[in-house]
Amino acid sequence: MTEVKKTSPCIAGSIGAAAVGSVAPVAAMPVGIACINKMSKINQELKPDQFAKVNDAAEKVLKNLQLDKKGVEIVNIKKMENILPLPDKIMEMINPVFATGQGKNAFFTDTEMPGIIKANCVGVNKEKLPLATFHELGHAHNYNYSKFFKCLQKMRTPGMLIAMAMPLFCAFTKDTKPTEGKELTTWQKIKNNLRKFSPAIAGVAMAPTLVEELAATSKGNKAAKEVFKNAPDLLKKAVKGNRCGYISYAASIAGAVFATWVAKKIKDMAVQKKEEKLHNTMVGAKQV
Ligand SMILES: [Zn+2]
């Protein structure tokens, strides 16, 4: 009789599920890239005198939102030299500050980046993506004037880590089925439930980020409305740009949920296949 270890792990299934789970968020990347390209295009369509108007309006918003009282500044992040042997496109994906210099990102930071920007400031390339400043000032307002939104900002990194960990968790664990006469242990029950709700957990983990992004956008739009009372064209562009940013965040959440769902599906299918094989082997062995 062939000895078959009942508990042998489904290694191929785990690795397959993990690989697909890690690659699946890439599905959301084209949406993100399309969004940032659209934002960049909207900004590049501004006429030379409009760049100055937008940057002046952003300074006004900084004062209107009383962010100057908190020491917030809008820092112009200029194009940086790419010192790594990597193409600019890759650098833009892995380094948000480099991307900002390229006009492909803008940010608010609560931590100092020595030589680049002080803590509690907004970084933007004023010559390339000035319309993004309004949304970032919305983040600055959330940070300085709302404990709730500041708390949501703090949940950003842990939330993303949880969302990234969920596909791997599903790939390297499997549901434990109760065997005759034996109850599942508490840990096994927890693990089964974590697996069952894993896509939802990934989504919920990133939800605070989406809520805070939405608040930043809404504050940015409201502030832009006031300063662009006589410039409806610029207001339209600012609102359009903000919408693009929001869509890219929504896409990354959908990507995380999808990645987790796919990783779980693949692992479950691999486990089922292995169990069927094991069952057939045991039936065959009994018949010998
Ligand atoms: Zn944002």
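The values are calculated or read from the model by the stated rules, or taken from the named source; none is laboratory data. Bear in mind that the values here come from a model prediction, so they are computed numbers and not experimental data. Cβ sites come from the backbone with ideal geometry, for glycine too, and all protein chains shown count toward neighbours.
Of note:
- Of all residues in segment 217-272, those that are among the polar types (S, T, N, Q), over 22 Å from ILE162 (Cα atoms) and either part of a helix (DSSP H, G or I) or at pLDDT 95 or above (or both) total 5.
- The listed residues are GLY115, GLY103, and the only one of them that is outside any helix (DSSP H, G or I) and within 19 Å of ALA52 (Cβ to Cβ) turns out to be GLY103.
- Screening ASN142 on (1) in contact (Cβ under 8 Å) with a residue 40 or more places away in the chain; (2) closer than 19 Å to LYS265 by Cβ; (3) in a helix (DSSP H, G or I) shows it passes everything except condition (2).
- Scan of segment 166-193 for residues that are part of a helix (DSSP H, G or I) and under 18 Å from GLY13 (Cβ atoms), ordered by number: MET166, PRO167, LEU168, PHE169, CYS170, ALA171, LYS191, ASN192
- Any hit, segment 137-157, residues being closer than 30 Å to SER14 by Cα and either hydroxyl-bearing (Ser, Thr, Tyr) or touching a Phe, Trp or Tyr at 6+ places or on another chain (Cβ under 9 Å) (or both): yes
- Count of segment 77-133 residues which are over 21 Å from the mean Cα position of the chain (by Cα) and of a type in the set (Gly, Ala, Ser): 2
- Counted residues, segment 76-116 - those being out of contact with any helix residue (DSSP H, G or I) (no Cβ under 9 Å at 6 or more places or on another chain), among the hydrophobic types (A, V, I, L, M, F, W, C) and within 16 Å of the ligand (Cβ to nearest atom): 1
- Scanning segment 49-92 for residues that are part of a helix (DSSP H, G or I) and without any contact (Cβ under 8 Å) to a residue 40 or more places away in the chain yields ASP49, ALA52, ASP56, GLU59, LYS63, ASP68, LYS69, ASP88, LYS89, ILE90, MET91, GLU92.
- Residue in segment 210-252 that is nearest to the ligand (Cβ to nearest atom), counting only those that are within 13 Å of VAL54 (Cα to Cα) and among the acidic types (Asp, Glu): GLU226
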